[in-house]
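Everything below concerns the one structure shown next.
The values are calculated or read from the model by the stated rules, or taken from the named source; none is laboratory data. These figures come from a predicted structure and were not determined experimentally. Reconstructed Cβ throughout: ideal geometry from the backbone, glycine too, with neighbour counts over all protein chains shown.
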Amino acid sequence: MSVIVGVVNETSELERRVALTPEVAAKIRKWGWHVMLESGAGVAAGFPDSDYGDCEVVDDAHSVLNRADIVFRVSPPDAAFFKATKTGACIIGFMSPFSSPERFQVAAERHQVVFAVELIPRTTRAQAMDALSSQAAVVGYKGTLIAAGESPRFFPMLTTAAGTIRPSHVLVIGAGVAGLQAIATAKRLGAIVTAYDVRPETAEQVESLGAKFLDLGVQAVGEGGYARALTPEELAQQRQALKDFLGKVNVLITTAAVPGRPAPKIITADMARNMKTGSVIVDLAADGGGNCELTEPGKTLEIDGIKVVGPLNVPATVPMDASLMYSRNLYNFSTLLNKDGALDFDWDDEILAGSVLTRDGQMVHPVLTGEKS
C-alpha cells in the first residue's frame, strides 16, 4: 500500500507558508507515494490547488489527518493536532519543543513519530535539510528591506542636482545565517555596513561580504555554532562599547537568537537612546522576545525619535520562496525515510536519532525527558 503524505492549512494567524510545494509534491510522487492536501493549503504562499497536478485535494483537514502516514507542517502543532492525526503517523516540522512539552505526551500516547526540524544536527551531511538556516536567510533579507523602508534616509549614496546624499551606516548584530544575509542585502542596497558577533571566527565571513567587523574585545564561542552566555563582566564591557558605537550608526539590525530559548538582551534602553534622532532599530529576534529592551514583539514604536520595529514570523512575509526552501528541506529529510518506496526509520542514523521527539510510544529526546544528551 502506498505511503500517504498529507498537508493541511496552517492555522497560525501570521503563517502564510506551506510545507509542501508543487515542485516537491511531484518529486515525492515519483517515489510511488501518494500526496493529499487540504484545499487551499498553498494559496497564501502563491500555490493554488491546480498547481499540485494529480495530487489528491480534499475539502477538510480531518480527511487528510485521518489517512496520512506522514504529515508535513510549518507551525508548531498543539495537542489537538496530535489528537486529530491518526495513530502511528509521522509528523515533521517546526515543533518548538522547549515550549509546552506536555503536548508531546499526546503524540507519544498515540504512537506517533514526531520530528523537530529545528533539532536536526548541524552537520555537513544535514545541510540540505537545515530548515533553521533556510528560513534565517529569509529573515535577514526581509529584515533589511524592512529597515530600508522604515528609515527616513536613503541606504546608498546619491549624487544629485540637489547635492550629494551620504549613505546610511548600518550595524548588524549577529553574524549567523540571518545576520550574513542582512549584511549582504544592506551592501547591495549601497549602505556602509559594520557587523558584530561575539564569535571571532565570523570576522572572515563578514569581511568577505564587504562589511567591516566590529571588534569589542569580547569573545564567547559556544557549542553547535552558537554563542555561549556572556559573564557579567563581559556583558558590561560589550554594552559600553556598543553604546558608544551606536551613536555613529543610522540603522541597527539585530539577529541574535537561540532556537527554543528567549533571545539575549544585547541592547539596553539606555544604549538604544544613544542613537541619533531618525535612527531605526529592526529587531529580528522579536519572536524570542527581542534583542533590544525597547522592542515590543509585533509592534513598531517611536521612542525619543528612534523607530523600534519588532516583526514577527518574518519568513511568512516572503511566503513563496520561503516555502520553496522549506519544502526542499523536508524533501531531503524524507529521503532518509524512504526505503524502496516504503516508510522506514533507521534509528542508527544520527540525523533521525537527533531530531526525533517521540517514538515507540515514548517521549525520547533529551529536551523532553530532561536527560543529558
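Residue pairs whose Cβ atoms lie under 6 Å apart, sitting 6 or more positions apart in sequence or on different chains, and linking a residue in region 24-36 that is under 16 Å from Ser50 (Cα atoms) to a partner that is in a loop (DSSP other than H, G, I, E, B), are Ala25/Cys55; Val35/Cys55.
With the requirement that a residue be in a loop (DSSP other than H, G, I, E, B), modelled with pLDDT under 80 and surrounded by fewer than 17 Cβ atoms within 10 Å (Cβ to Cβ), what does region 205-225 give you?
In the first step, residues of region 205-225 are kept if they are in a loop (DSSP other than H, G, I, E, B); the result is 209-211, 214-220, 222-225.
This time we only want the ones that are modelled with pLDDT under 80, so: 217-220, 222-225.
Within region 205-225, Gly217, Gln219, Gly222, Glu223, Gly224, Gly225 meet the criteria.
Restricted to region 159-191, and to residues there that are of a type in the set (D, E, K, R) and without any contact (Cβ under 8 Å) to a residue 12 or more places away in the chain, the residue that is farthest from Lys142 (Cα to Cα) is Arg166.
I'd like to know if region 282-299 contains one or more residues that are of a type in the set (S, T, N, Q), in contact with a Pro (Cβ under 8 Å, 6 or more places away or on another chain) and touching a residue at least 12 places away in the same chain (Cβ under 8 Å). Yes, some residue in region 282-299 is of a type in the set (S, T, N, Q), in contact with a Pro (Cβ under 8 Å, 6 or more places away or on another chain) and touching a residue at least 12 places away in the same chain (Cβ under 8 Å).
Any residue at all in region 89-108 that's buried (at least 20 other Cβ atoms within 10 Å of the Cβ) and modelled with pLDDT under 95? Yes, region 89-108 contains a residue that is buried (at least 20 other Cβ atoms within 10 Å of the Cβ) and modelled with pLDDT under 95. Just to be sure, is Gln135 surrounded by 15 or more Cβ atoms within 10 Å (Cβ to Cβ), at pLDDT 95 or above and in contact with a helix residue (DSSP H, G or I) (Cβ under 9 Å, 6 or more places away or on another chain)? Criteria met by Gln135. Only one of the listed residues (Val318, Val282, Val309) is crowded, with 24+ Cβ neighbours inside 10 Å and more than 22 Å from Ser99 (Cα to Cα). That residue is Val282. Checked against the criterion of being in a strand (DSSP E or B) and of a type in the set (Ser, Thr, Tyr), region 187-196 has at least one qualifying residue.
Where helices (runs of 4 or more DSSP H) sit wholly within region 68-170, those with at least 2 residues that are over 30 Å from Lys307 (Cα atoms) and small (Gly, Ala, Ser) occupy 79-84, 103-109. The strands (runs of 3 or more DSSP E) falling completely within region 285-373 that include 1 or more residues that are not assigned by TED's automatic domain parsing to the domain that holds Ala25 map to 300-303, 306-309.
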